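Asks: Please see the structure below; I have some questions.
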């Protein structure tokens, strides 16, 4: 399968337990995803917006930072993330993320099922 950038699905979504709306760019969705994947997308968060703490059950969430800076709270405590950093929130763990600074935060999110 090949899908061009201009064909991605783009949606505004309210942050889970969070403040503001995020832009979500979905390169592949639904039946295009492998059966073990729940989600793959680029997340775009404006300064000051956040996704508050929530728990993952039945899946794992992986973030790969592309641009901007984030305050991320997970199993290791609260840390500042920059481009190139990776986080993993394993099944049963909780996490939160907030865009800090003046630059828009962009990262890739992958959520494979664990069960």
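Throughout, read-outs are computed from the coordinates displayed, never taken from laboratory work. Everything numeric here is computed off the predicted structure, so don't read it as measured data. Every residue, glycine among them, receives a Cβ derived from its backbone with ideal geometry; neighbour counts consider all protein chains shown.
Asks: Just for the chain, what percent of DSSP beta bridges are antiparallel, to the closest 5? List each step's numbers first, then the result.
Replies: On the way: 42 of 42 bridges.
Antiparallel: roughly 100 percent of the beta bridges in the chain.
Asks: Same structure, new question: On the Cα set of the chain, report Rg and Dmax in Å, please.
Replies: Answer for the chain, Rg first and Dmax second: 13.7, 39 Å.
Asks: Sort 37, 65, 24 so the one with the fewest other Cβ atoms within 10 Å of its own Cβ comes first.
Replies: Values: 37 14, 65 20, 24 17.
Placing the least packed residue first, the sequence is 37, 24, 65.
Asks: Here is a further query. Given springs between every Cα pair under 10 Å in a Gaussian network model of the chain, which of 91, 102, 59 has the largest fluctuation?
Replies: 102
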